[in-house]
Amino acid sequence: MTLLAASKVSLSFAGVRALVNIDLQIEEGELLGIIGPNGSGKSTLFNVLSGIYRVDQGTIVFRGERIERFGIAQIVRRGIARTFQNKRLFGTMSVLENVEVAAMKGVQGSALGDVFGLNSSLQARKKAGAIAERCLVLTGLADSTGLLARDLPYGAQNRLEIARALALEPTLLLLDEPAAGLNPSERAELQELIRRVHAEGLTIALVEHDVRMVTGLCARAIVLDHGEKIADGASAMVVRNPRVQAAYFGEVESEEEAHAA
Amino acid sequence: QDIKLGVVAGMSGPGTSYGIGIRQGAEMAVREINAAGGIKGRKISLVVVDDASNPAQSVTAMQRLVNDQVDLVVGGWGSSQVLANMEVAERAGLPYIVVGATNPKITTEKNKWTFRVIFTDSVQAEQIADAAVRRLGMKRIAVIHDANDYGVGNRDIFVASLKKIGLDPVAVVPYQSADKDFTAQLSRIREANPDGLAIFGTIPAAPAIMNQARDLGIKARFIGTGGLANENLMTLAPKASEGTVLTTYFHEDVDPQARAWADRYVKEFSGGSQPPRPVLAAWEYRAVKFIAVPCIESSGTDKEKLRQCIGRWKGTLFSVPGDAYFDKTGQLVQQSVLVEVGKGAFQAFKGK
Amino acid sequence: MAALHQRWWFWAATLAALLALPALAPQYVVHIANFILIYTLPVVGLGFLTGFTGRVSLAQGALFGVGAYTTALLTTKLGWAPVATLVPSVLMTIVLAVSLGGAAVRLAGLYFVMATIGIQQIVWLVLMNWIELTNGPQGVRSIPAVGLGEYSLETPQQFYFLALVAAGISYFLAKRVIGSRLGLFLRALSDDQLAASSVAVEVGRAKVTALALSAAWAGAGGFLYAHYVRFIHPDMFGLEPSVLFLVMSMFGGYRSIEGMIVATALLESATEYLRPFGEFRMIAYGMILLLGMMFFPMGILTLVRRRAGAPAAGKD
Amino acid sequence: MFDQLFIGGLATGCVYAVVGLGFTLVYRTLRMVNFAQGHVFMAGAFLGLVIAERVHLPALPLLFVVGAVAFALGMVLERLVFRRLYHNHEVFIVGSIGLGIVLMNGVRVFFPEPVPFPKVFGSEVVQIGAARFQEGYLWVVLSTLVLVVLLHAMFTYTRTGRALRAVAADAEIAATVGVDVKRAIALTFGLSFAVAAIAGVLIGPLYFVSFDMGDMVGLKAFSAAVFGGINSIPGTILGGLVIGVLENLAGGYISSAYKDLVAFVILLVMLIWRPTGLLGRETPVKV
Amino acid sequence: MPPEKALSRPVLSTSDLNVHYGKVHAVQGVSLEVRAGEVVALLGANGAGKSSIIRSLVGLTPASGGRILLRDRRIDGLSSEVRSALGMAYVPEGRRVFGDLTVRDNLLMGAYLVKDRAKIEQQLEEVFGLFPGLRERHRQIAATLSGGEQQMLAIGRALVREPEVLILDEPSLGLAPVMIKVIYETLKRIRERGMTLLLAEQSAHIALKIADRAYVLETGRVTYESDAASLRSDPALRESYLGA
Ligand SMILES: Nc1ncnc2c1ncn2[C@@H]1O[C@H](COP(=O)(O)OP(=O)(O)OP(=O)(O)O)[C@@H](O)[C@H]1O
Ligand SMILES: Nc1ncnc2c1ncn2[C@@H]1O[C@H](COP(=O)(O)OP(=O)(O)OP(=O)(O)O)[C@@H](O)[C@H]1O
Ligand SMILES: [Mg+2]
Ligand SMILES: [Mg+2]
């Protein structure tokens, strides 16, 4: 079943055509790879799907509902969560609190009610705490819960981004370059993590420059270039496509070398 | 044991120069009385508190006097401050003689412990309205006033008095105390083409208005009340203020006693950082020396007795023509003084 | 390793001292204590907004005034009993804050500051010039004291316990607010609004709630103030108190309710203990602010905390 | 009447604008608001007064000298005081409010009363159409123009200006490309003090100088700077002029009691319509 | 590695360098040296302390102990701008471009210490030649660039001044394969011109392609130091120190 369908989505900024007539379908339970050269529009696509930018044209349907005019928080509530390529953590809050904020999404009732003890959302709060715990363990941050987010090393910030998004218990998770700044063994761990949450039934779209990771994880991949979708298909096939080779790996690069990179 | 005399006034903030005058007046009176042996052998000690010309702090200041167990308070500058701090005096049952606040609301019949020696805005505004029409022959009078209690109080009575005489002001415009530029207001006044411009406000707005009015080509003569009775008027508007007619609280040329006192005052205080400002100093001095002290002498420091004594007081004060006495609202009834600015100084008004 | 204020005996001693104060201290000191207690309300309220949403407001003095004027006018003009006007005062303040400032909270940083300056000026001008309603520059006089049955709270000593209870309630509620989900949301959005919305925080709603809460605290404070001073005047609610409240809410330390309260006490009583400085009093006052920030940038409470052995928050 | 109100408003607006420039300069490099700015303007006026009374300088040299002295004072104060306040915005706000109080009350010790300022820009009254105003107004307007053009050019086209913008964006990284960040910030304070002091001298002869003159002007100037777009020097000027003219027209035609109210309501409404000020540009989100 | 280079004197060196963040001891007595014309890689896992070393080299984080020498001059204690003037350029971790400035202004800031206008123009041309994407966007506000474009800009900003020592913290971060290639080609070329490079990288195999020598860090200490060739050629070694 199609979870998300974008059709003819276009967006430009002062002359830069960042997205051009993009058609995209994400099936339920799929793990979709998105690759493309720098500045090809991958992050912009995520920004559009998560409500940060409004499309110039086109429609986005998520679980049967048009969402392209929704606000950011509305879209998260519908079940799309994301991470940011340029980390956007709550710097002055602890690692635990960063995740807790997100886990609170499921808590019902007005936040003001908590203050005056009107609704006994204590149970729900506890549940949120448990969710946060689980996400931190999952991402290997359980030991640093007390640190301020801004003091984490770069790689750990990355994982915190993922933990925070997972705590939203989304249906669709958008990962924007989660492996950036990780070393090979950490990449392997990350890959394992993604595979695990995917196995639990989460639908994922993954933007990554680590092609090996994309081909390793994703059955299907799309390629963007200059805002256009230039390829869509089985990931192993897509990376061999000559047009992709030229745009993404550089003419002379062989696939082996690309994998080595 | 000493008799404790409390003084509250703004010795910082916008009322600084007035407040310091009040303090100096009190110091002068107390020094003289103590030098002459005090009251029945008891010396007077002064407790001076600054309220920073701020109503909220004024409450605290008065509370402090209550706490220090002063026997009475003579002072108070600024109507908002006095309206705020008199509540404390009333609650504590402390006799309070106000010298520097002119809002009529201070002395209504509700005040039991609060008296006032300086005359109210209503008296002044009425007299200047009368003088403007009858003695200066003005026909087209415009009004510009501060939007604070002082300005609004004056305006209301002035306009009402004019109406009684049968005249309507040609323009009435307010400004805010902190304004620096009055072209907006003065442009409207210029359109009305007045022959007299009543200014109800204080320094430095009043001289600024005068200067700017002349720049704009307004030729009307200025009139006003006690807010203008301040030497800075002439320093700040040396040319523009010439010819202004106003009511004042004190003038040294009313009688020889006043002149003698003023000379003494200037000699004593001109060395300080403050330029001598005899107006409120004179009131503080007279209230202490001629009203408070005789009452303590006759009734002692029992508060209730002291209050009754002050209420019954009747007598003469220098610079006040004729007898003065407190009416049943606690207001000192007296005649006011009219002056004119000439050659950079206040002169007793000699017009018809 | 617990900071001083986390130890039970510290609290017990504080409470005992507070309860004994009116019996032991001179009336004048009680009077100042009353002002301090009253002011902690608007200051802590402002703390929600500035400390937790990162929005600096210069309108708190005006909101404080709205609370004071509401109760003053209801009791003097309509003859309501003071206790009956607490809720209307708080509601009125909230309504005004939300209707005037609701649109402004979405403004970023400085634009919000400027909007609050505007709100401050507007409220003050209306209090000053809408004479039929507010008595304008004459102020409102003879506001009745709060009565509890036969007993009415006239003297500073009598009023003290009311103020203490109010400040206490406000303190504990404030702690609950910042410890609650709302507090977490507010801190998150002050760090990064966009990230906050993308974890489902309704940023607009959270900010308006913070504004409403801060107004509620101000309104309650204004209520107390009116019935204690019993004369109010527009100038008591101008820019000056707004700046004062802002300073008090920041001087004690970043996001610390205790810090705000200590700062309120320290600065509100400053005009008194600085009296020996005479005409240099205000200079000394400014110096306290300036030097305090220059040498204790994490707030004056760090003085206490360091002594208690907790590490000072360190960042290069 | 319109002419009079309009021209009066322009001149006041220019003063708001020039004082507002002080806010803009500091904000542009430090991302912080110096709440003492209005009092610096006041102190500048007194500095001008003292200099003008001691040495009888013609107008232009007077402006230069006052600007230069204030510039030096700004650098010194940056070193002694402001440098310790960059910690975070709260610290800076409280600290600068404290400094403002010290400045204001310090001046008050020496000048407790309003003082007239020598008429260095002449005392003639000029008539244009139905409007009459002092010669000094012309100086205000002209000096404002000159200052704006100079500062704008400096920020936009010079190497120093670019460095100041880079410091604002990321001071650490600016240092790693060779910018002396401390000096850049000191320079900023020097400039903002100079500008404020010049504004003080310009306005002195039009009104009086008094220790509390910075309060209201500071507030309006801040509003002008924000309203015009605190990142933009031309915006600050535009903001100042709009506020000056608006309040004067409102005072003349609507109600002088509510003239500030009218001005502020219009500002609020416009802010809601354009949340980043007239010429302001907030860096667009990109994640 | 040509032998004469091995003998050349160190341009940049540290001895017993320590960095503390509060109680965290992030760098613990690290001594390393970079010789003229050499490319040295700093390798190590997340949080090993690479960035901390680099930040203390360029003067952004004060060293809590030890010394740093540039040629024979002691530079710890000097401010960043002075170190920059002495010939160091830095590509920070996580891009950190001047967000409010245009692409062109960012590059001009890189050339802040260069006085010769013609030279600057020429250098700009060179950077634009390297990254044509930036040329197209030279008037765009840097904050709105894509992640990879910002990374190119950060590198371009350090290149415009032709520094003597170039220090890069994860230059390949967020770059597409084609761009990584371009950048490493460029670094090779630069190095041929005699520039000295210090490079922190997560992906050892990329860095080892051009590095002459490498230091491997683990929780703030150097655990292994060797010429790059042996790490390159010995997968077992790589496995044990770098987990890959
Ligand atoms: N707000 C904006 N204003 C102007 N241009 C923008 C804006 N946002 C994105 N762009 C441009 O749109 C293009 C696409 O950017 P996007 O961030 O989507 O690239 P990307 O595919 O994620 O690249 P990378 O892999 O480098 O992160 C870029 O050229 C960028 O400069
Ligand atoms: N500002 C800080 N405050 C406290 N601890 C810090 C701070 N910056 C870094 N650290 C700690 O110092 C250690 C080293 O961090 P550093 O950033 O140098 O690692 P790194 O090797 O560069 O890692 P990465 O590859 O993830 O960038 C980490 O444990 C980190 O948590
Ligand atoms: Mg991207
Ligand atoms: Mg690093």
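Tabulated results
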{"quantity": "Strands (runs of 3 or more DSSP E) wholly inside the stretch B:53-123 containing at least 2 residues that are in contact with a strand residue (DSSP E or B) (Cβ under 7 Å, 6 or more places away or on another chain), in contact (Cβ under 8 Å) with a residue 24 or more places away in the chain and over 25 Å from C:Pro26 (Cα atoms)", "calculated": "B:96-100, B:114-116"}
{"quantity": "Given (1) in a helix (DSSP H, G or I); (2) out of contact with any helix residue (DSSP H, G or I) (no Cβ under 6 Å at 6 or more places or on another chain), index of the condition D:Asn231 fails", "calculated": "(1)"}
{"quantity": "Residue within the stretch E:82-97 that is assigned to a loop (DSSP other than H, G, I, E, B), among the charged types (D, E, K, R) and on the phi > 0 side of the Ramachandran plot present", "calculated": "yes"}
{"quantity": "Given (1) within 28 Å of D:Ala59 (Cβ to Cβ); (2) part of a helix (DSSP H, G or I), index of the condition D:Leu164 fails", "calculated": "(1)"}
{"quantity": "Residue tally, condition part of a helix (DSSP H, G or I) and small (Gly, Ala, Ser), over the stretch C:227-284", "calculated": "8"}
{"quantity": "Scope the stretch C:32-55; condition outside any helix (DSSP H, G or I) and crowded, with 24+ Cβ neighbours inside 10 Å; matching residues", "calculated": "C:Arg55"}
{"quantity": "Residues satisfying the stated conditions in the stretch C:123-179, i.e. farther than 25 Å from C:Leu73 by Cβ, at pLDDT below 90 and of a type in the set (A, V, I, L, M, F, W, C)", "calculated": "C:Phe172, C:Leu173, C:Ala174, C:Val177, C:Ile178"}
{"quantity": "Residue within the stretch C:77-90 that is surrounded by fewer than 21 Cβ atoms within 10 Å (Cβ to Cβ) and within 14 Å of chain B (Cβ to nearest Cβ) present", "calculated": "no"}
{"quantity": "Which listed residue, of A:Thr83, A:Thr92, is in contact (Cβ under 8 Å) with a residue 12 or more places away in the chain and away from ligand 3 (no atom under 16 Å from the Cβ)", "calculated": "A:Thr92"}
{"quantity": "Matching residues in the stretch E:142-160 - criterion: being out of contact with any Gly (no Cβ under 7 Å at 6 or more places or on another chain) and outside any helix (DSSP H, G or I)", "calculated": "E:Leu145"}
{"quantity": "Considering residues of the stretch A:17-75 that are over 16 Å from A:Leu173 (Cα atoms), charged (D, E, K, R) and away from chain E (no Cβ under 14 Å) only, the residue nearest to ligand 4 (Cβ to nearest atom)", "calculated": "A:Arg54"}
{"quantity": "Residue ID - surrounded by the fewest Cβ atoms within 10 Å (Cβ to Cβ), chosen from residues in the stretch A:210-225 that are closer than 16 Å to A:Leu24 by Cα and touching a Ser or Thr at 6+ places or on another chain (Cβ under 7 Å)", "calculated": "A:Ala219"}
{"quantity": "Hits in the stretch D:9-32 - residues which are within 14 Å of chain B (Cβ to nearest Cβ) and either surrounded by fewer than 24 Cβ atoms within 10 Å (Cβ to Cβ) or within 20 Å of D:Arg84 (Cα to Cα) (or both)", "calculated": "D:Leu10"}
{"quantity": "Subset of the stretch A:86-96 (residues that are at the interface with another protein chain (Cβ under 7 Å from one of its Cβ atoms) and crowded, with 24+ Cβ neighbours inside 10 Å)", "calculated": "A:Phe90"}
{"quantity": "Members of the stretch E:48-87 found to be surrounded by 21 or more Cβ atoms within 10 Å (Cβ to Cβ) and within 14 Å of chain A (Cβ to nearest Cβ), listed by number", "calculated": "E:Ala48, E:Gly49, E:Lys50, E:Ser51, E:Ser52, E:Ile53, E:Ile54, E:Arg55"}
{"quantity": "Single residue of the stretch D:110-133 satisfying the filter (surrounded by fewer than 18 Cβ atoms within 10 Å (Cβ to Cβ) and under 30 Å from B:Met11 (Cα atoms)) that is nearest to the other protein chains (Cβ to nearest Cβ)", "calculated": "D:Phe110"}
{"quantity": "Residues that are under 18 Å from the mean Cα position of the chain (by Cα) and β-branched (Val, Ile, Thr), drawn from the stretch B:21-79", "calculated": "B:Ile22, B:Val73, B:Val74"}
{"quantity": "The stretch B:185-198 - residue that is within 20 Å of D:Asn248 (Cβ to Cβ) and out of contact with any Leu (no Cβ under 6 Å at 6 or more places or on another chain) and, of those, surrounded by the most Cβ atoms within 10 Å (Cβ to Cβ)", "calculated": "B:Leu197"}
{"quantity": "Candidate set from the stretch A:97-108 (those that are crowded, with 21+ Cβ neighbours inside 10 Å and of a type outside the set (S, T, N, Q)); member that is farthest from ligand 2 (Cβ to nearest atom)", "calculated": "A:Met104"}
{"quantity": "Candidates E:Glu201, E:Glu170, filtered to the one that is within 16 Å of ligand 2 (Cβ to nearest atom), charged (D, E, K, R), within 14 Å of chain A (Cβ to nearest Cβ) and at negative phi", "calculated": "E:Glu201"}
{"quantity": "Hey, B:Ala205 within 11 Å of chain D (Cβ to nearest Cβ) and touching a residue at least 40 places away in the same chain (Cβ under 8 Å) or not", "calculated": "yes"}
{"quantity": "Helices (runs of 4 or more DSSP H) lying entirely in the stretch A:129-227 (those with 1 or more residues that are away from ligand 2 (no atom under 12 Å from the Cβ), at pLDDT below 90 and within 14 Å of chain E (Cβ to nearest Cβ))", "calculated": "A:184-199, A:211-217"}
{"quantity": "Qualifying residue in the stretch E:151-170 (condition: touching a residue at least 60 places away in the same chain (Cβ under 8 Å) and of a type in the set (S, T, N, Q))", "calculated": "no"}
{"quantity": "E:Ala118, sole failed condition from (1) more than 8 Å from every other protein chain (Cβ to nearest Cβ); (2) under 19 Å from E:Pro171 (Cβ atoms); (3) part of a helix (DSSP H, G or I); (4) more than 16 Å from ligand 2 (Cβ to nearest atom)", "calculated": "(2)"}
{"quantity": "Test: D:Val107 is surrounded by 14 or more Cβ atoms within 10 Å (Cβ to Cβ), of a type in the set (A, V, I, L, M) and within 14 Å of chain C (Cβ to nearest Cβ)", "calculated": "yes"}
{"quantity": "Of residues in the stretch E:178-219 being under 18 Å from E:Ser31 (Cα atoms) and over 15 Å from the mean Cα position of the chain (by Cα), the one nearest to ligand 4 (Cβ to nearest atom)", "calculated": "E:Leu217"}
{"quantity": "Unmet requirement for A:Val207, which otherwise passes all of (1) of a type in the set (A, V, I, L, M, F, W, C); (2) farther than 22 Å from A:Asn98 by Cβ; (3) buried (at least 23 other Cβ atoms within 10 Å of the Cβ)", "calculated": "(2)"}
{"quantity": "From E:Pro10, E:Pro92, residue being within 14 Å of chain A (Cβ to nearest Cβ) and either touching a residue at least 12 places away in the same chain (Cβ under 8 Å) or buried (at least 19 other Cβ atoms within 10 Å of the Cβ) (or both)", "calculated": "E:Pro92"}
{"quantity": "Filter pass, D:Val179 being away from chain B (no Cβ under 14 Å), at pLDDT 90 or above and more than 13 Å from the chain's Cα centre (by Cα)", "calculated": "yes"}
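The values are calculated or read from the model by the stated rules, or taken from the named source; none is laboratory data. The shown structure was predicted, so the numbers you read here are calculated from the model rather than taken from an experiment. Note that we place each Cβ from the backbone using ideal geometry, even for glycine, and neighbour counts take in every protein chain shown.
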